[in-house]
Amino acid sequence: MDKVKKFFKSCFYSYAWLAIVLLIVDQLTKLWALKAAWDLTLIPNFLHLTYVRNTGAAWSMFDGNMTLLAVVSAVVGVAIIVARILYRHKLNAFKKILFAVILAGTWGNFIDRAFSKLVTGEEGVIDFIHFQFGRYHFPVFNVADICITLGILTYLVYLFREEYVMVKKPKGAKQTNAEIKEEDDASNTN
């Protein structure tokens, strides 16, 4: 019983549950878009739900290279897991959350690239969120794309902020109680 409790505690504090929840949300919304074959305007000249298949990466780059993109997604997904495990003692809760969000997005699009044709008979990642700004139509995207983009951008801002704080801190300055607590939290949890 103690091992089971330890396992669930580890999953909770590693935020693996968050990656699983976001992956499920991504796959359910894609399934909903597939079944509904949306072409709806929610807010005129701004927000639409438009079902499309993307056989490329962002902005349809590498269009038609589903096998290559599936392999790249799988490699990146495994690399994220390995990095997360290797650096688990150096990550605070916020960084763990960002790893979970990015991982969910990576695996969400991998599932579409690797298994879409097998399951639905059509190739490509299912995209459905479509923004329009005047005459400009932003490329259609999905929940996994949101996870990847927001996760990476937030992580980069966080890293730049950390670097900025380190540069601005005078040499020999004592750590604040909040900084000491953050380091302790990072070393005490997975």
Among the residues of region 141-190 satisfying the criterion of being within 26 Å of the chain's Cα centre (by Cα) and part of a loop (DSSP other than H, G, I, E, B), which is modelled with the highest pLDDT?
Asn142
For region 117-140 the number of residues that are assigned to a helix (DSSP H, G or I) and touching a strand residue (DSSP E or B) at 6+ places or on another chain (Cβ under 7 Å) is 0
Name the residue that is nearest to Ser14 (Cα to Cα), counting only residues in region 95-121 that are surrounded by 13 or more Cβ atoms within 10 Å (Cβ to Cβ), more than 12 Å from the chain's Cα centre (by Cα) and not basic (Lys, Arg).
Ile111
Looking at region 28-43, is at least one residue within 21 Å of the chain's Cα centre (by Cα), aliphatic (A, V, I, L, M) and exposed (fewer than 14 other Cβ atoms within 10 Å of the Cβ)?
yes
Among the residues of region 68-92, what is the count of those that are touching a residue at least 24 places away in the same chain (Cβ under 8 Å) and loosely packed, with under 13 Cβ neighbours inside 10 Å?
2
Subset of region 38-60 (residues that are farther than 20 Å from Asn109 by Cβ and not acidic (Asp, Glu))
Leu40, Thr41, Leu42, Ile43, Pro44, Asn45, Phe46, Leu47, His48
Odd one out for Tyr51, checked against (1) free of Cβ contacts under 8 Å to residues at least 60 places away in the same chain; (2) of a type in the set (Ser, Thr, Tyr); (3) in contact with a helix residue (DSSP H, G or I) (Cβ under 8 Å, 6 or more places away or on another chain)
(1)
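The values are calculated or read from the model by the stated rules, or taken from the named source; none is laboratory data. Every value quoted in this text rests on a predicted model; they were computed, and no experiment measured them. Methodologically, a virtual Cβ is constructed for each residue, glycine included, from the backbone with ideal geometry; neighbour enumeration extends over all protein chains shown.
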